[in-house]
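Shown next, in structure tokens, is the structure this report addresses.
The values are calculated or read from the model by the stated rules, or taken from the named source; none is laboratory data. The structure presented is a predicted model; accordingly, all values stated were derived computationally and were not measured. Cβ atoms come from the backbone with ideal geometry, glycine included; neighbour counts cover every protein chain shown. Heads up: the accessible areas ignore ligands, DNA and RNA and are worked out on the full protein's heavy atoms, side chains in. Shrake-Rupley method; radii C 1.70, N 1.55, O 1.52, S 1.80 Å.
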Amino acid sequence: MIFKMGAENKIDCLFLIAKSSGKTYQKLSVTYSAIEPPTWALLLAQSMRAVGNEVRILDANAEDLSKEDILKKIKLFSPRLLCFVVYGQNVNAGTTNMSGATFVSNYLKSKNIKTPIAIIGSHVQALPIETLEREKSIDFVFTNEGVYALRNILKLNNFSYEELHKIKGIAYRKNNRIILNMPEKIVPNEKMDEDLPGYAWDLLPFKNSPLDLYRSPMWHAEYNFEKRSPYASLQTSLGCQFGCNFCMINIINRDDNEEVGVASDYSKMRFWSTDFIIKEFDKLISMGVKTIRIVDEMFLLNPKYYIPLCEQLAERNKDDSLRIWSYSRIDTVKRPEILKLVRKAGIKWLALGIESGDKSVRLEVDKGKFEDVDVKKVIAKVHEADINVMANYIYGLPGDTRETIEKTFKLSLELCTAGWNTYGAMALPGSLLYKNAIEKGTKLPETYEGYSFHAYETLPVPTEKLTAKEIITLRDEAFDRYHNHKPFLALIEEKFGKKAAENIVDMTKIKLKRKIKGDQPH
């Protein structure tokens with residue numbers, strides 16, 4: 001198919017965020033799951049505007065739009081290019097949210113929409129050829145973050161084959177054959193402020209005030225529904241310098257044409273300047289947004305960047321009204337003086353990847369690069385700084401057994417953190433676990449939703465000692481045990497009030513159904 005553009009086109013590109021499938025979080029999606037601002041759509045929109053393109057964002061997830069509503073808005077905007085941006089609030093969401101994106105793209109094609117449809121996101125970065133073979137409604141995909149490829153696409157007068165073959169960093173369909181062009185570079189560190197110049201906050205929908213259609217995770221809002229909105233998320237850096245085998249976050253940096261991309265091959269970090277990032281925080285604060293997520297995988301890693309930023313945030317947080325959370329590895333949070341500054345900056349939650357209570361399992365997931373630490377001492381230091389911990393664990397890592405998983409759970413009870421999160425280890429497309437599973441012939445999810453940690457069709461990776469069914473059963477049982485644990489609920493009531501503890505207990509009454517366990521779906 002050859003696409004032509006004419007005078008009727010009103011804008012250059014419409015970035016579309018499709019609704020998350022109701023299957024992704026099951027009944028948790030009604031009240032408890034977060035509604036995340038589309039960080040990458042915001043970055044891409046601002047980057048395209050910086051070079052003169054006219055763009056819009058259509059967040060069907062936040063606005064709860066039907067496929068018919070989406071079609072009407074597309075006709076209204078009349079874009080030259082429709083670009084789905086498919087990421088999400090968790091690392092698995094790039095694959096999980098493909099379900100909503102392809103549902104809409106198939107509907108649009110059935111209605112004879114002539115606008116070419118593209119996808120930028122982690123799933124297509126990992127599996128560009130497979131995606132195009134499977135999804136006939138998608139015309140082309142971007143094979144990394146897509147900044148320069150998209151800019152070059154939007155320079156074209158038309159999207160003919162003769163033009164598309166010139167664009168690095170895309171894969172497209174020519175007749176019935178998939179063409180994978182040469183890789184495109186990612187934005188270099190020295191060009192971050194210039195070529196990814198902030199967030200197009202003004203393009204997001206809202207009801208009464210900016211960002212009021214978005215809501216934070218329950219725990220971030222201290223288990224208080226009223227504190228969840230308005231909510232924003234932003235990044236101070238991109239990527240991660242580590243290469244954990246269960247993670248696919250670095251697939252965004254891809255710079256090769258292997259059929260199956262592996263994120264650990266592209267481990268690198270890039271940073272915006274402190275002055276640049278603080279201006280984005282100032283914009284959010286001026287809009288009345290105090291509940292903010294720092295999306296970086298490794299925020300507390302490079303003192304050159306996070307210390308001056310925290311110092312400037314502390315100046316803006318004299319009244320302690322900011323409610324920020326960020327990620328860190330357990331082996332990078334050690335110094336009490338740093339934690340004191342972090343708390344002054346308004347970072348009241350740290351999400352820490354503890355992963356396993358067993359030292360040998362924990363060290364294995366990052367090929368020995370995970371520094372051995374005394375987890376209990378580290379958590380004690382964070383708590384002493386008056387910072388809450390969202391402790392993240394993974395069940396079913398290589399080497400896990402019933403005994404190591406029970407060891408992990410007992411550690412979590414002893415740590416008694418205000419937040420607790422555990423997933424079954426998933427072979428996410430883009431991770432080394434995924435490539436290993438392909439090579440070993442391990443059964444993988446048959447649907448996009450199957451990669452969701454909370455979905456009915458969830459299918460974690462088995463270990464030598466545990467089946468996928470055993471892993472997900474242990475995970476779901478542990479979720480209920482922890483969130484009904486009396487010392488934990490007593491902590492929550494002391495810190496956040498009785499209503500917060502009641503909200504947690506109510507949440508545990510929603511039981512996830514699992515196909516692998518023989519449950520009937522909701």
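Observations, loosely collected:
- Screening ILE278 against (1) of a type in the set (A, V, I, L, M, F, W, C); (2) out of contact with any Asp or Glu (no Cβ under 6 Å at 6 or more places or on another chain); (3) in contact (Cβ under 8 Å) with a residue 40 or more places away in the chain leaves a single unmet condition, (3).
- Considering the conditions (1) hydrophobic (A, V, I, L, M, F, W, C); (2) surrounded by 20 or more Cβ atoms within 10 Å (Cβ to Cβ); (3) closer than 21 Å to ALA418 by Cβ; (4) more than 27 Å from the chain's Cα centre (by Cα), LEU466 is excluded by exactly one of them, (3).
- If the condition is being surrounded by fewer than 24 Cβ atoms within 10 Å (Cβ to Cβ), without any contact (Cβ under 8 Å) to a residue 60 or more places away in the chain and either out of contact with any Leu (no Cβ under 9 Å at 6 or more places or on another chain) or under 19 Å from ALA34 (Cβ atoms) (or both), then the stretch 94-121 contributes ASN106, LYS109, SER110, ASN112.
- Scan the stretch 206-226 for residues that are open to solvent by 40 Å² or more (accessible area, probe 1.4 Å), hydrophobic (A, V, I, L, M, F, W, C) and in a loop (DSSP other than H, G, I, E, B) and the total you get is 2.
- Subset tally (residues that are within 21 Å of PHE453 (Cα to Cα) and open to solvent by less than 50 Å² (accessible area, probe 1.4 Å)) for the stretch 472-509: 14
- Hits in the stretch 305-345 (condition: without any contact (Cβ under 8 Å) to a residue 12 or more places away in the chain and either surrounded by 18 or more Cβ atoms within 10 Å (Cβ to Cβ) or of a type in the set (Lys, Arg) (or both)): LYS318, ARG335
- For the residues LEU81, LEU58, LEU71, LEU43, the requirement of being under 22 Å from MET98 (Cα atoms), at pLDDT 95 or above and in contact with a Gly (Cβ under 9 Å, 6 or more places away or on another chain) singles out LEU43.
- Just so you know, in the stretch 41-82 the residues that are surrounded by 21 or more Cβ atoms within 10 Å (Cβ to Cβ) and in a strand (DSSP E or B) include one that is nearest to the chain's Cα centre (by Cα), and it is ASP59.
- Number of positions in the stretch 147-182 that are touching a Lys or Arg at 6+ places or on another chain (Cβ under 7 Å) and open to solvent by 10 Å² or more (accessible area, probe 1.4 Å): 5
- Qualifying residue in the stretch 137-146 (condition: buried (at least 19 other Cβ atoms within 10 Å of the Cβ), within 30 Å of ILE285 (Cα to Cα) and in contact (Cβ under 8 Å) with a residue 24 or more places away in the chain): yes
Residue-wise test of (1) open to solvent by less than 10 Å² (accessible area, probe 1.4 Å); (2) closer than 20 Å to ASN97 by Cα; (3) of a type outside the set (Asp, Glu).
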{"site": "GLU403", "(1), (2), (3)": "no, no, no"}
{"site": "LYS407", "(1), (2), (3)": "no, no, yes"}
{"site": "SER412", "(1), (2), (3)": "yes, no, yes"}
{"site": "TYR423", "(1), (2), (3)": "no, yes, yes"}
{"site": "LEU428", "(1), (2), (3)": "yes, yes, yes"}
{"site": "LEU432", "(1), (2), (3)": "no, no, yes"}
{"site": "GLY441", "(1), (2), (3)": "no, no, yes"}
{"site": "TYR448", "(1), (2), (3)": "no, yes, yes"}
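- Restricting the first member to the stretch 438-449 and to residues that are of a type in the set (A, V, I, L, M), and the second to residues that are surrounded by 14 or more Cβ atoms within 10 Å (Cβ to Cβ) and assigned to a loop (DSSP other than H, G, I, E, B), the beta-carbon pairs closer than 8 Å and six or more apart or on different chains are ILE438/VAL260; ILE438/LEU444; LEU444/ALA427; LEU444/LEU459.
- In the stretch 116-193, counting only helices (runs of 4 or more DSSP H) that sit wholly within it, the ones holding 1 or more residues that are among the polar types (S, T, N, Q) span 122-126, 128-134, 147-153.
- Filtering the stretch 396-426 to residues that are modelled with pLDDT of 95 or more and part of a strand (DSSP E or B) leaves GLY419, TRP420.
- Residue check, GLU355 at pLDDT below 90 and surrounded by 24 or more Cβ atoms within 10 Å (Cβ to Cβ): yes
- Some residue of the stretch 195-212 being in contact with a strand residue (DSSP E or B) (Cβ under 9 Å, 6 or more places away or on another chain), closer than 26 Å to TYR393 by Cβ and among the small types (Gly, Ala, Ser): no
- Remark: pairs (first residue in the stretch 377-393, on the phi > 0 side of the Ramachandran plot; second residue buried (at least 16 other Cβ atoms within 10 Å of the Cβ) and assigned to a helix (DSSP H, G or I); Cβ separation under 7 Å; 6+ apart in sequence or on different chains) = ASP386/ARG343.
- Looking only at the stretch 292-328, and only at residues there that are of a type in the set (D, E, K, R), in a loop (DSSP other than H, G, I, E, B) and at pLDDT 95 or above, the one that is farthest from SER229 (Cα to Cα): LYS318
- From ASP255, ASP331, residue being in a loop (DSSP other than H, G, I, E, B) and at pLDDT below 95: ASP255
- Answer residue from the stretch 510-522, given it is surrounded by 14 or more Cβ atoms within 10 Å (Cβ to Cβ) and of a type outside the set (D, E, K, R) and is modelled with the highest pLDDT among those: ILE516
- Any hit, the stretch 476-495, residues being more than 25 Å from the chain's Cα centre (by Cα), over 27 Å from PHE225 (Cβ atoms) and in contact (Cβ under 8 Å) with a residue 24 or more places away in the chain: no
- Condition broken by LYS279, with the remaining ones in (1) part of a helix (DSSP H, G or I); (2) open to solvent by less than 40 Å² (accessible area, probe 1.4 Å) satisfied: (2)
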